[in-house]
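Here is the structure we will look at.
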Amino acid sequence: MNIDARWRENARAAMMHIEVDGARCLWFGIDPNALFNPDDRQLLLLLRTAFRWAAGQPVSDGAIGAPQLAKTLTPDARRDARANRFAFTVDRLPNRNQFGIRMTNRGGRPLMNPTVKIWLPPGVTQVGLGGDFIMRRNATLTGVPEEGACLVSLPSLTRNEDRVMKLRIVEVRPRVARR
């Protein structure tokens with residue numbers, strides 16, 4: 001069980017996620033009247049990410065900066081990524097064994113060490129870079145197995161550069177048969 005958000009007034013959980021034997025559950029303790037606030041972009045992002053995770057879709061976050069800061073996704077590195085207009089997406093491709101990763105520099109200066117952390121769908125234990133040489137050029141893939149995640153990094157993205165890469169599923173944990 002992982003607690004994702006806590007109430008401001010006390011330390012009790014407001015949102016958490018649980019994964020047991022490949023099944024994913026979300027728990028929300030949110031006031032329904034507070035849910036529709038079009039100005040609360042953080043809540044909308046949190047809900048979107050939670051439902052992507054529950055549906056077995058890849059979930060991602062990004063950072064830029066010094067290699068150690070970007071790879072650990074420190075709050076400052078994530079804030080820098082937003083401030084410098086680093087955009088990224090990770091989506092499943094029509095081939096269910098592949099994911100598409102897009103990293104884009106929408107800012108006015110080069111970005112150093114753009115990194116995307118991807119929490120993989122249930123059961124996926126290993127991935128590899130896919131696609132052709134151009135897609136894989138200078139990309140680094142680092143596994144984070146204890147979190148069911150991986151990191152994809154580039155040394156830099158120039159102004160207005162748009163990089164598309166592929167991840168392919170290499171290994172999946174066998175499903176446990178229930179009696």
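The values are calculated or read from the model by the stated rules, or taken from the named source; none is laboratory data. This is a predicted model, so every value here is computed, not measured. Cβ atoms come from the backbone with ideal geometry, glycine included; neighbour counts cover every protein chain shown. Note: areas computed on protein heavy atoms with side chains; ligands, DNA, RNA excluded. Shrake-Rupley method; radii C 1.70, N 1.55, O 1.52, S 1.80 Å.
Would you confirm whether any residue within the stretch 54-75 is outside any loop (DSSP other than H, G, I, E, B), at pLDDT below 75 and either surrounded by 12 or more Cβ atoms within 10 Å (Cβ to Cβ) or not polar (S, T, N, Q) (or both)?
First pass over the stretch 54-75, keeping only residues outside any loop (DSSP other than H, G, I, E, B): 54, 59-63, 67-71, 75.
Checking which are at pLDDT below 75 leaves us with 54.
Those left that are additionally either surrounded by 12 or more Cβ atoms within 10 Å (Cβ to Cβ) or not polar (S, T, N, Q) (or both): 54.
Yes, the stretch 54-75 contains a residue that is outside any loop (DSSP other than H, G, I, E, B), at pLDDT below 75 and either surrounded by 12 or more Cβ atoms within 10 Å (Cβ to Cβ) or not polar (S, T, N, Q) (or both).
Do you know which of the residues in the stretch 1-26 that are assigned to a loop (DSSP other than H, G, I, E, B) and either within 16 Å of residue 55 (Cα to Cα) or modelled with pLDDT of 70 or more (or both) is least open to solvent (accessible area, probe 1.4 Å)?
Ranking the qualifying residues of the stretch 1-26, first place goes to 22.
Any idea which of (1) within 20 Å of residue 160 (Cβ to Cβ); (2) open to solvent by 70 Å² or more (accessible area, probe 1.4 Å); (3) outside any helix (DSSP H, G or I) is the one residue 103 doesn't satisfy?
(2)
Of (1) open to solvent by less than 40 Å² (accessible area, probe 1.4 Å); (2) at pLDDT 70 or above; (3) under 25 Å from residue 146 (Cβ atoms), residue 29 satisfies all except one. Which?
(3)
Among the candidates 90, 164, 152, 116, single out the residue that is open to solvent by 20 Å² or more (accessible area, probe 1.4 Å) and either in a strand (DSSP E or B) or more than 20 Å from residue 24 (Cα to Cα) (or both).
Working: 90 fails: open to solvent by 20 Å² or more (accessible area, probe 1.4 Å); 152 fails: open to solvent by 20 Å² or more (accessible area, probe 1.4 Å); 116 fails: open to solvent by 20 Å² or more (accessible area, probe 1.4 Å).
Within the list 90, 164, 152, 116, the selection yields 164.
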